[in-house]
Amino acid sequence: MATPEFVLALREHIGTAPLSLVGATAVVFRDEKVLLGKRADNGSWQAISGIVEPGEEPADAAARECMEEAGVVVSVDRLALVQQMPRVTYDNGDQVDYLDLVFRCTWVSGDPHPADGELTEVGFYDLAAMGDVDDAHVRRIALAMAEDDPATFRGGRVRR
């Protein structure tokens, strides 16, 4: 996975200390199927995702990642989920706290293909045949399925 230049520049200043980043996940539907890709780095199947660039609207990042990683144009329909991911520590020691914004998207055009090397396989798959998708991504897909439900989030409630 290519690390964005702004992250490399920050790492020059903070080393491997925890870095908060915003991620965008695009759950893309076409008919009764969902767009899934197999990651090149760890082989897991998931929805298309990536880091929001500085100054970029998160929904635009979701659409951009779909084009960059899978070669498809999408419309971003609604925010489905806001969640803080558990801290990730990479092999080189870099620590990242991702705030993940999950968007429901609709396919507009393009035949899915591994466009930039981040995915080894990509395509539209039947929702009933998601056996290789981990529970966290199944949850993202389930929350994005409804066309007009409000976004789901944790926290922000009065503690007693």
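The values are calculated or read from the model by the stated rules, or taken from the named source; none is laboratory data. Everything quoted here is computed from the prediction, not taken from an experiment. Positions of Cβ are backbone-derived with ideal geometry, glycine not excepted, and every protein chain shown enters the neighbour counts. Surface accessibility is based on the protein's heavy atoms, side chains included, excluding ligands, DNA and RNA. Shrake-Rupley method; radii C 1.70, N 1.55, O 1.52, S 1.80 Å.
Kindly indicate whether V28 is in a strand (DSSP E or B) and open to solvent by less than 60 Å² (accessible area, probe 1.4 Å).
Yes; evaluated as a whole, the condition is true for this residue.
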TODO: Output the residues belonging to the stretch 32-79 that are surrounded by fewer than 23 Cβ atoms within 10 Å (Cβ to Cβ), in a helix (DSSP H, G or I) and in contact with an Asp or Glu (Cβ under 6 Å, 6 or more places away or on another chain).
DONE: E68
Task: Evaluation of A129 against (1) within 18 Å of E32 (Cα to Cα); (2) surrounded by 14 or more Cβ atoms within 10 Å (Cβ to Cβ); (3) at pLDDT below 95 (one fails), failing number - done: (2)
Task: the stretch 26-45 residues that are under 18 Å from V108 (Cα atoms), paired with ones that are in a strand (DSSP E or B) and among the acidic types (D, E) (beta carbon under 6 Å, 6 or more apart) - done: K33/D126
- [ ] Residue by residue through the stretch 132-149, note down the ones that are charged (D, E, K, R), open to solvent by less than 90 Å² (accessible area, probe 1.4 Å) and out of contact with any strand residue (DSSP E or B) (no Cβ under 6 Å at 6 or more places or on another chain).
- [x] D134, R139, D149
Task: Selected residue (criterion: most open to solvent (accessible area, probe 1.4 Å)) from residues of the stretch 80-107 that are in contact with a helix residue (DSSP H, G or I) (Cβ under 7 Å, 6 or more places away or on another chain) and aliphatic (A, V, I, L, M) - done: L101
TODO: Report yes if some residue within the stretch 104-115 is closer than 19 Å to E57 by Cβ and of a type in the set (A, V, I, L, M); otherwise report no.
DONE: yes
- [ ] For T152, state whether it is open to solvent by 50 Å² or more (accessible area, probe 1.4 Å) and hydroxyl-bearing (S, T, Y).
- [x] no
Open item on the list: For the structure I just gave you, tell me whether A70 is over 12 Å from the mean Cα position of the chain (by Cα), at pLDDT 95 or above and not charged (D, E, K, R).
Closed with: yes
